[in-house]
Amino acid sequence: MATRSQTAALLVVGALALAACSSGGSSTPASPQAGGKTLVIDTSFDLKTGDPGRTYEPTGLIIGKAAYETLLTFDGSDVTKPVPLLAESYELSKDGKQLTLKLKQGATFADGSPVTADDVVFSLTRVRDMKGTPSFLLDGVEVEKTDASTITLTSKKANPALPYILPNPALGILNSKVAKEHGATADAQDKAEQYLNSASAGSGPYTIESFNVSSQVVLKANPKYYGTKPAYEKVVLRNVEAATQKLNVQRGDSQVALNLSGDQVKGLSGGLTVKKTASANVIFLLANQNSEISKTTPNAKFVEAIRKGVDYSGLLELAGEGATQAPGVIPSQILGALPADQAATRDVEGAKAALAASGVANPTVKLEYPSELTVNGLSFQPLAERIQANLKEVGITAELAPAPITTALDNYRNGKEELGLWYWGPDYPDPSDYLVFLPGELVGLRSGWKAGSDKELTAAGDKAATAIGDEARKSAYADVQNKLNASGPFIPLIQPSQNIVTAATVTDLEYHPVWTVDVADLGAK
């Protein structure tokens, strides 16, 4: 369940490189129409396709959210409670294995034809069996039409995360008749991507007018949209590197800039609004538990010394306004996150005492991280330097070992880093996505933490995975994180800020951890 997070680092770097080369793309960027309701959004493209069933990159999810609708969605930026969209209601069985959804009546596709249960079954089965990037979202889920307006999704094991997965734009519902006419199938032989890159087969408030993965995408209001009409007739997304995004929004060439760092948004004026929100990305340290990689980092007291030795407040200073400390691996927006008052605090004397108790004298460890990666505009280099200085005060020498992203990712994924500085972004906004940090799981193995290493924690994870109901799940995932913080090899650090700059004419913008921004929700003054 970590497809996106496994590739996120490469995607971010690739998108930034592409944006830097294109400087807004090879074609002439669109400009706002005089007197017209056109919204121009500048962003650093991370975009591969307009086919919702193949989309999992951030820019693609913005587009998918606008052009396609899902069975469930979230209200604004609140990801703690899924709400109906194409469904009018949903119910999870007591054992968590079956999700029943009743379809809303009156929803129509862009060609005016009704959204049916058959369209839902085809669309979700296509995503699952086409084996594109988002296929894992529905692994092991059987999709069935019970009657003309009822869909059941059945999992072999309890799957309380499913209502939180369904809002992902990758699970947007296609007009199956139109899609099939253009090569869509519910298996790996599907050939509809080219058509879906140039047209829309969804029921969303926008349709795709033009699509270029390296320069610009233009969305046009769907004239046959059955719901509330969007404020903007046209939305232009342009691929622009961050420095140019700032210039464009300052001089009125764009109305929204999505990728400015904390430093870049300082001192912005001219009626611009800066929305600073903690992102859902959690930056963390890992201490490798494999004694073949390190004789030092598997020592629990050594890990305690690091945990107590880090100056979390200093890291927040570096990250800038809008960032927040991460009390656990689950970010603050998601059900089950630990409260802020449970975050670790610096205790230099306690760190020195833990180091002494470890029996490791004058330790030297290698701290590895990707050299050119930035997360929400924040570079890993100054973070690593600050951590190095913090640990030196405790008596630990951290040798910085930055590496190109491909090298760093290889070492990280293969569990070869002694100390690692990385981040995790949610594949979907549900706490179950963070069970990968447990022994024997994806990120656990990247820290050399083998299955069976902590049976009590594994049991707590098994209990959390099958817990049903918000309160039971909150409690179970809090228990997992408290145990992880007490005995695990991970040290959650910060959630960097997501900075979004808008012109005074743009209203109602909410940052969303899955699709960044819902353009149909934006208002116009």
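The mean accessible area for residues of segment 155-290, using a 1.4 Å probe and ignoring ligands and nucleic acids, is 38 Å² per residue.
Working note: 222 nm ellipticity from helices only, DSSP H runs with n ≥ 4, each -39,500 (n - 2.57), summed and divided by the residues of the chain, gives -9000 deg cm²/dmol to the nearest 500. With the simple model of a label 7 Å out from the Cα in the direction of the Cβ, K191 to I468 spans 4.5 nm.
Of the peptides 126-134, 231-239, the ranking by mean beta-carbon count within 10 Å, highest at the top, reads 231-239, 126-134.
The slack in the chain from Q342 to E399, taken as 0.36 nm per residue of separation less the alpha-carbon distance, amounts to 17.5 nm.
The length gained on full extension between A459 and Q250, counted as 0.36 nm times the residue separation minus their Cα-Cα distance, comes to 69.9 nm. Mean projection of the Cα convex hull over all viewing directions, computed for the chain: 23.2 nm².
In the context of the full set of protein chains, segment 350-479 has a per residue accessible area of 39 Å² (1.4 Å probe).
Per residue, the Cα convex hull of segment 201-274 amounts to 117 Å³. Taking the square roots of 5 times each eigenvalue of the Cα gyration tensor of segment 85-236, largest first, gives ellipsoid semi-axes of 27, 18, 14 Å. With a Förster radius of 41 Å applied to the C-beta separation of D508 and E317, the computed FRET efficiency comes to 0.85. Give me the log10 of I(q) over I(0) for segment 159-236 at q = 0.15 Å⁻¹, as the Debye formula computes it from C-alpha points; what are the numbers? Debye intensities relative to I(0), on a log10 scale: -0.66. When the P(r) is computed for segment 472-525, the part past 14 Å accounts for 70% of the Cα-Cα pairs. For the chain, the share of accessible area belonging to carbon and sulfur comes to 49 percent (1.4 Å probe, ligands and nucleic acids excluded). Ordering 115-124, 292-301 by mean Cβ neighbour count within 10 Å, with the highest value first, yields 115-124, 292-301.
The local environment of P439, defined by Cβ-Cβ distances under 9 Å, has a net charge of 0 under the rule Lys, Arg +1 and Asp, Glu -1. Using a simple spin-label model with pseudo-atoms 7 Å out from Cα toward Cβ, T154 and E385 lie 5.9 nm apart. Once the Cα atoms are used to define both axes, helix 455-466 deviates from the longest principal axis of the chain by about 10 degrees. Centre-to-centre, using Cα atoms only, segment 83-137 and segment 473-525 are separated by 25 Å. Our estimate of slack between S214 and A356, defined as 0.36 nm per intervening residue step minus the Cα-Cα distance, is 45.7 nm.
Rounded to the nearest 20 debye, the dipole magnitude of segment 296-388 is 320 debye, with +1 charges on Lys and Arg beta carbons, -1 on Asp and Glu beta carbons, and the Cα centre as origin. FRET efficiency for the pair T407 and S113, taken as 1/(1 + (r/R0)^6) with r the Cβ-Cβ distance and R0 = 45 Å, rounds to 0.30. For E456, the solvent-accessible surface computed with a 1.4 Å probe is close to 130 Å², ligands and nucleic acids excluded. Across segment 108-120, coupling constants 3J(HN,Hα) worked out from phi with the 6.51/-1.76/1.60 Karplus curve, θ = phi - 60°, read 10, 7, 5, 8, x, 7, x, 7, 10, 4, 5, 4, 5 Hz, and Gly and Pro carry x. FRET efficiency for the A451 to S475 pair, using the beta carbon distance and R₀ = 22 Å, is estimated at 0.35.
Distance from the Cα centroid of segment 318-350 to that of segment 401-422 is 24 Å (rounded to whole angstrom). Taking each of K276/K301; K229/K275; K416/K463 in turn, the alpha-carbon distance tops 27 angstrom for K276/K301; K416/K463.
Simple rule: put +1 on each Lys or Arg Cβ and -1 on each Asp or Glu Cβ in segment 393-510, find the dipole, and look at Y412, I494, A476; the Cα lying farthest toward the positive end is Y412. Return the ratio Rg/(2.2 N^0.38 Å) for segment 348-471, where Rg is computed over Cα atoms only. Output field value: 1.24.
The values are calculated or read from the model by the stated rules, or taken from the named source; none is laboratory data. Just so you know, these numbers come straight off a predicted model, no measurement behind them. Every residue, glycine among them, receives a Cβ derived from its backbone with ideal geometry; neighbour counts consider all protein chains shown. Protein only, heavy atoms only, side chains kept; ligands, DNA and RNA dropped before computing areas. Shrake-Rupley method; radii C 1.70, N 1.55, O 1.52, S 1.80 Å.
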